[in-house]
Each structure stands twice: as C-alpha cells, then as structure tokens.
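Right, one structure below, let's go through it.
The values are calculated or read from the model by the stated rules, or taken from the named source; none is laboratory data. What you see is a predicted model; the values in this text were computed from it and never measured. Don't worry about glycine lacking a Cβ; one is built from the backbone with ideal geometry, like all the others, and counts go over all protein chains shown. Heads up: the accessible areas ignore ligands, DNA and RNA and are worked out on the full protein's heavy atoms, side chains in. Shrake-Rupley method; radii C 1.70, N 1.55, O 1.52, S 1.80 Å.
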Amino acid sequence: MPIQTTTEQTVNTDIIQAPTPYMIFDAGDVLHESGISGIKYDFNYGARVTVPQGNYRVKFIDMKDCLTVYDAAASGVIVTSNKKYFIPFRIEVYQQDQLIFAHDLNLKNQKVLIKFPIGTIGDILAWFPYAEAFRAKHDCELYCSMSEEMSQIIRASYPQIKFIKPEERPANLYASYYMGIFFPCDDRIHQPSDFRVRGLHHNAAMILGLAEDGEPPDLSVRLLPKDTQRKIAEPYVCIAAQASSQAKYWNNGAGWLNVVKHLKQRGYRVLCIDRDNVHSMGSRFNIIPYGAEDFTGKLPLQERIDLLYHAEFFVGLPSGLSWLAHGVGKPVVMISGFSLPFSEFKTPYRIINYHVCNGCWNDTRIVFDHKDFEWCPRLKGTDRQFECSRYITPEAVNQVIDRLIATLHSNV
C-alpha cells in the first residue's frame, strides 16, 4: 500500500498520517513506567523512551546485531528509534554518565498490535500467516487491526488472536508493528529491504523479524467455509479476470475465450467470481470472459469462500481472489507477466512468458505508479505495450490446466 514515511529520530508528535486512508501510524502516549520519575518507555512505532529535563543520555542497542544504533544526549523529550519494524531493542538511559535504567524488549505475555492496511484483500491474506507465526514465536497477547470484512473471514481460524477495528487501540500496548509495502520503495524506516526483490508475502517476515529465507509452516491463511453444503451439483471451476491495474490483466484477446471453452470441453462449469462483470478506466473496458457464468457482484467475501470450497480449482491473476482461493486450499492457476513468480505464493501452475518483456513490478529501477491504470513503464504507448501477458497464449494456459486436472484425477 502506498505510504509516505518520515525519518526523524526524535519527534514531539505521536501521530503520523499517510496521504491515503490505507494506514495511520498512531503510537499513542508512552505509558509503561520504568520505576524512575519522568522515564517511561514502550515499543509502539519503534523503541520509545521519555526523559525529564536534565543531563541524560539515551542509547538504543540492537541486541541481535550487537550494535548501538543510537547514542545521544536528551533532556525533556521523547526519543524514538528511526526504525519502526521489529528489532530486539535494548533501551538504556544514563544520568551524568551513570546507567540508571535499562530494558530489553520481551514480548512474552505482553499486549502487541499488528496493524494491517484497509482497502486490500490479497495483501492481508499474504501477510496474515506471518502474524500467527509471530504470535507463536513470542507467546504474546496479539491484537490484529483490519477491516471488519477481512476479520470476519479470518478470525474463526485463529482463536488465539484478538481482532479489532482499524480505529481501535488496546489499552496499555507494549509494542505495535505496521504491515505493508511502503513507498517510496527505498523506505528503510518501515521495511528492512526492498519488497520488489523479496516478494509480497516475505515483506511481512522482514517487518516482523521472522526468518527471511523460510516460510511459516502453513503459508496459506486458513479460510473456512461458513456453509459447507454444496449448492452446485456439477463439477465447476472458479475464475477471476479483473484486476486493479491493466498490467495485471491477461491482455491476450483470445485468452479467456479459449480457456473457458477448454474448461467446458473438459466437463466443468465455469463461474466468474469477480466483484465487477465490467471494469472500466479511461479508454480501457474489461468485461467478464465470454462463456463464463456470471457469479459477480459486491458480495461478502464469505460467500466467495463458500463457493470456492467446492470448486475443483481456480484460474486467475496476481490479485486478491487468487490469494483467497489459495487460502481456501484450492490449486491456483496463475497467469502473470508483470510480476515474477516469487512475488506471490508458490504454485506449480504459474504461467509466465520469458520471451518478451516481463517482471517490471520487481524491477528496482522502476517505481509502480498507483494512479496510472495503464502503467506499462517500459513499453507504454508502443505496439508492445502489455506484451508480458499478451504473449501468454491460451494454449499454454490450457496445457497447465490439463496437467492440473491429471494431478487431481491421479489423487482420487
């Protein structure tokens, strides 16, 4: 989500608001008592400590790297670390060069908040398994803040996590962390590295201080059906053809037409579960694939989960509904050229064409423009625009679908 950042190390305000509604950084007051008058501390939006007027010095030490990252005089201020993601900080306060207070971050049994952005589906589903891994690792009292729609489909699978609304804030928070992909991309305040070379979901591991080279035991968020009764007797496949940017679309004009036809020939009903059956932006009009059954509409996500639960598999793009299908446990055929395969979850049914331009999303020389629906940074305005997906042929997708069907039948 696009979030502007700040780099101050010592601040006199606790609230920094992004220019979009996706995220508000709200650190609240520093409340944890040190036992020394005028000195309070916590780890909300970085390590923080208050010191009264006088001859004091504050140190922040990264205990993992055994490195002092801040050491300066302080008098009558709140001192806060520059880095806002998880770091095992040690806070030290000196008076006249004598150590008078020290505290090592320890989340066990403490109230901790992970704040997720609003207005997104796929990002939250990609990141949430890391929140559960974080809770288990630190044995903390974890609160997760997100939209009511998202919490409704996740909370049943995670009874040890407390779900709250975006505007809510638990009392006496010890630490809080903010989940997102942060722009500008060289932001190192909220994320330790460039998400473009790490992958969408692995950015969560970095922010929460989890192993960057591994994945949680269950990378897919667990999404449970509310109604397990099958409503459609025939075997069916769900598809989703809409996306938030034209670069994410499958821009092969014959693509969906032939895939839907192929799926029907293989004996499946084909249900399109996009929110919109037509999505337009400027001169671009993207319509429901011809031949697909119209199951579109502004429906609760739970209804989509219930429908996916009985589907044979899902065919889609690098978008939220692919993550939703993955969370339900369905095989996902993913069609994408603008992002490289490591950007999303692992699937053996990923299609990309390396013969043409590809991977602009992951190119660190390029910054994604959220305001430009027709963003194609290398080839826009030429006859090669969106060739990354135009040259993904329906025959190539159908080959992968046939391989998936064969695998499903071999497991019966």
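Of note:
- Accessible area per residue in Å² at 1.4 Å probe, computed on the chain: 44 Å²
- P(r) of region 142-216 over all Cα-Cα pairs, binned every 10 Å from zero, in whole percent: 17, 39, 38, 6
- Accessible area (Å², 1.4 Å probe, nearest 10) - F285: 140 Å²
- Taking every protein chain into account, the 1.4 Å probe leaves Y174 with about 0 Å² of accessible area, to the nearest ten.
- Cα-based helix-to-principal-axis angle, 394-410 vs the chain, degrees rounded to 10: 80 degrees
- R390 sits among other residues whose Cβ lies under 12 Å from its own Cβ, and their net charge, with Lys and Arg +1 and Asp and Glu -1, is -1.
- For region 243-392, the extents of the C-alpha atoms along the principal axes are 42, 32, 31 Å, listed from largest to smallest.
- Total formal charge among the other residues, if their Cβ is under 9 angstrom from that of W323, Lys/Arg +1 and Asp/Glu -1: -2
- ³J(HN,Hα), Karplus 6.51/-1.76/1.60, whole Hz, each residue of region 80-97, x for Gly, Pro: 10, 5, 5, 7, 10, 7, 5, 9, x, 6, 10, 9, 10, 10, 10, 10, 6, 6
- Vicinal HN-Hα couplings computed from phi for region 364-378 (Karplus, 6.51 cos²θ - 1.76 cosθ + 1.60; Hz; Gly/Pro x): 6, 8, 10, 10, 5, 9, 5, 8, 9, 4, 9, 4, 8, x, 9
- Rounded to the nearest 10 degrees, the angle from helix 255-265 to the longest Cα principal axis of the chain is 60 degrees.
- Rg ratio (alpha-carbon, reference 2.2 N^0.38 Å) - region 39-163: 1.27
- For the chain, carbon and sulfur atoms together expose 50% of the accessible surface, with a 1.4 angstrom probe and every protein chain in place.
- Taking the C-alpha atoms only, the angle from helix 122-138 to the longest principal axis of the chain is near 40 degrees.
- Close amide-amide hydrogen proximity is noted between I239 and L271, C272, I273, V315, each under 5 Å apart and 5 or more residues distant or on a separate chain (H modeled in the peptide plane; Pro and chain starts excluded).
- Using C-alpha pairs under 8 Å with a sequence gap of at least 6, the mean separation divided by the residue count of region 279-412 gives a relative contact order of 17 percent.
- Considering region 313-412, its Cα convex hull presents a mean projected area of 7.2 nm².
- Estimated dipole of the chain in Debye, rounded to 20 [Cβ of Lys and Arg +1, of Asp and Glu -1, Cα centre]: 720 debye
- The H on the amide N of Y177, modeled in the peptide plane, is under 5 Å from the matching H of L113, I114, K115, each at least 5 residues off or on a different chain.
- For region 96-157, taking the reciprocal of the average inverse distance between every pair of different Cα atoms yields a Kirkwood hydrodynamic radius of 13.6 Å.
- Each residue of region 140-154 was assigned a 3J(HN,Hα) from its phi angle through the Karplus expression (A = 6.51, B = -1.76, C = 1.60, θ = phi - 60°), giving 9, 8, 8, 10, 10, 9, 6, 5, 4, 4, 6, 5, 5, 8, 9 Hz with x at Gly and Pro.
- Taking a Cβ cut-off of under 11 Å around V356, the surrounding Lys, Arg, Asp and Glu residues balance to a net charge of +2, with basic ones at +1 and acidic ones at -1.
- From its DSSP helices (H runs of at least four residues, each -39,500 (n - 2.57)), the chain gives a residue-normalised ellipticity at 222 nm of -5500 deg cm²/dmol.
- With a threshold of 24 Å on the Cα-Cα distance, the over-threshold entries among K111/K330; K40/K165; K261/K371; K231/K298 are K111/K330; K40/K165; K261/K371.
- Shape summary: region 361-412 maps onto an equivalent ellipsoid whose semi-axes, from the alpha-carbon gyration tensor, are 34, 14, 9 Å in decreasing order.
- Expressed to the nearest 5 percent, the antiparallel share of DSSP beta bridges inside the chain is 60 percent.
- The chain: relative contact order in percent, alpha carbon pairs under 8 Å with at least 6 residues between: 13 percent
- Counting only GluC sites (Glu not before Pro) that DSSP places in a loop and that have at most 16 other Cβ atoms within 10 Å, the longest clean stretch of the chain runs over 213-373.
- Each peptide in 253-260, 121-128, 376-383 receives the mean, over its residues, of other Cβ atoms within 10 Å, and ordering these scores from highest gives 121-128, 253-260, 376-383.
- Alpha-carbon spread of the chain, three principal axes, descending order, Å: 81, 50, 35
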